[in-house]
Number of protein chains: 2
Amino acid sequence: MQCSYSETTPSKFAQAKTSTLAAVDLSKKGSVDQPISNLIELVNNLDDYFTTSSCSGRTIIVANSLAHGSRKKGCKWLYVTHGDSVFTDVIECLREEPLPESATLKFEPFIMHVQCLSLESARQLLQIAVSCGYRNSGISLGKSGKIILAVRSTAGLEVPLVVDSRLLVSEQYIERLVGMANEKMSSNLMQISKFQGKLDEFAKEQR
Amino acid sequence: MQCSYSETTPSKFAQAKTSTLAAVDLSKKGSVDQPISNLIELVNNLDDYFTTSSCSGRTIIVANSLAHGSRKKGCKWLYVTHGDSVFTDVIECLREEPLPESATLKFEPFIMHVQCLSLESARQLLQIAVSCGYRNSGISLGKSGKIILAVRSTAGLEVPLVVDSRLLVSEQYIERLVGMANEKMSSNLMQISKFQGKLDEFAKEQR
């Protein structure tokens, strides 16, 4: 067998898993990302894997403003939801004067980073992810044998709404946009559920 | 050294490299993606790597229509440029009657797939890519030892213009959008040039 990469040892991996999950439990108590809480548990119950970060998917409006008296740009979230966007709430945050320099609506789909014991376990999870349509997934290799799989979707939406402090789109357009973001969120949740189903089968095969 | 993955052999890799590059030379003659032609050459001149596909970045308008007499959806590109978008050309293709069911403007940044001899060579190239801001890069592992690094950017723009066969945004908005796509293209080219510079240094270290 030919291999130029040195994986971490099982005992070091188990140690990292224990300390990471303990830290997450402390910091995130009560703020679990509900649509993927079962998926996260499923991954963490597998010996060869643990999640290091994740987001179930969200629709956000990000504003950029030139900070007062400086040229440094500031970034602020005007709106965020991990569920369905509500048109009236979106409109409301775009009515607050003064308008920011710019504001952009983004739909950001599910993403999950999973630390893997070995290259073989990373390869298997990557294969499952890609078979569920997560075609932008990929593995990162650290110098010290740390193997991270990022499960990434290709879905997206990135729409400038405010440019040069002027709202350049109509309310009717924003209403359609909110509908499209919600459709993408719904497909996103179906894709997560497909991934969870395949991972469940995989977990059963492992036993 | 602990490793669960079996890399391909150097001789099989060299064989795959030769046949892939020969096929590319035949099919793409005269249609090289100019902004990255030097970068592609640089990668392919390194013993441990060869490119399998790439795009320097593009702005496109994609239309979706219900095909006549069927429920099957068809997808058609109304506009594509690998350089600067031209406002009058963009507007023109949105004026052609009948309008499609939907049309979306997308900016898709540079992407490059590189087959790597070994995990160590993939790790090194990934590190260079990430240091240039290509934070969505990642490695895919095939069953037969085939290692592919995808160099992926985080930049994007995805803006619905036509919904239900109606153009829902103003010409003024489209003009700003074209400007923003062109700004993103310009950053994209600067990022490519940074990547090329770092790769050049890397190539010199290898000698």
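In region A:148-169, what residues are facing chain B (nearest Cβ under 7 Å) and under 30 Å from B:CYS3 (Cβ atoms)? Within region A:148-169, A:ALA150, A:ARG152 meet the criteria. Looking at B:ASP33, B:ASP25, just one residue is touching a strand residue (DSSP E or B) at 6+ places or on another chain (Cβ under 7 Å), closer than 29 Å to B:GLN206 by Cβ and modelled with pLDDT under 90, and that residue is B:ASP33. Scanning region A:156-203 for residues that are touching a strand residue (DSSP E or B) at 6+ places or on another chain (Cβ under 8 Å) and closer than 25 Å to A:LEU125 by Cβ, we see that the one that is modelled with the lowest pLDDT is A:GLY156. When A:VAL90 is tested against (1) modelled with pLDDT under 95; (2) in contact with a strand residue (DSSP E or B) (Cβ under 7 Å, 6 or more places away or on another chain); (3) of a type outside the set (Lys, Arg); (4) in a helix (DSSP H, G or I), only condition (1) is not met. Taking A:ILE111 as the residue in question, decide whether it is under 22 Å from B:LEU157 (Cβ atoms) and in contact (Cβ under 8 Å) with a residue 60 or more places away in the chain. Judged against the criteria, A:ILE111 is not a match.
Counting the residues of region B:124-170 that are within 20 Å of the chain's Cα centre (by Cα) and without any contact (Cβ under 8 Å) to a residue 12 or more places away in the chain gives 3. Of the residues making up region A:143-186, those that are in contact with a helix residue (DSSP H, G or I) (Cβ under 6 Å, 6 or more places away or on another chain) and small (Gly, Ala, Ser) number 1. On inspection, A:TYR5 fails the criterion of being at pLDDT 95 or above and farther than 30 Å from A:GLY179 by Cα.
Considering every residue within region A:158-171, establish whether at least one is under 28 Å from A:GLU201 (Cα atoms) and surrounded by fewer than 18 Cβ atoms within 10 Å (Cβ to Cβ). No, every residue in region A:158-171 fails to be under 28 Å from A:GLU201 (Cα atoms) and surrounded by fewer than 18 Cβ atoms within 10 Å (Cβ to Cβ). All conditions in (1) out of contact with any helix residue (DSSP H, G or I) (no Cβ under 8 Å at 6 or more places or on another chain); (2) within 13 Å of chain A (Cβ to nearest Cβ) hold for B:LYS76, with the sole exception of (2). Flag set for B:GLU183, criterion: surrounded by fewer than 20 Cβ atoms within 10 Å (Cβ to Cβ), more than 10 Å from chain A (Cβ to nearest Cβ) and out of contact with any Asp or Glu (no Cβ under 9 Å at 6 or more places or on another chain). Being without any contact (Cβ under 8 Å) to a residue 24 or more places away in the chain, under 27 Å from A:GLN15 (Cβ atoms), within 11 Å of another protein chain (Cβ to nearest Cβ) and surrounded by fewer than 20 Cβ atoms within 10 Å (Cβ to Cβ), is that true of even one residue in region A:188-207? No, region A:188-207 contains no residue that is without any contact (Cβ under 8 Å) to a residue 24 or more places away in the chain, under 27 Å from A:GLN15 (Cβ atoms), within 11 Å of another protein chain (Cβ to nearest Cβ) and surrounded by fewer than 20 Cβ atoms within 10 Å (Cβ to Cβ).
So which residues in region B:74-87 are of a type in the set (A, V, I, L, M, F, W, C) and part of a strand (DSSP E or B)?
Scanning region B:74-87 gives B:CYS75, B:TRP77, B:LEU78, B:VAL80.
Find the residue count for region A:99-147, including only residues that are small (Gly, Ala, Ser), in a helix (DSSP H, G or I) and more than 8 Å from every other protein chain (Cβ to nearest Cβ). Selection size over region A:99-147: 2.
The values are calculated or read from the model by the stated rules, or taken from the named source; none is laboratory data. The model shown is predicted, which means the values in this text are computed figures rather than measured ones. Backbone-built Cβ (ideal geometry, glycine too); neighbour counts: all protein chains shown.
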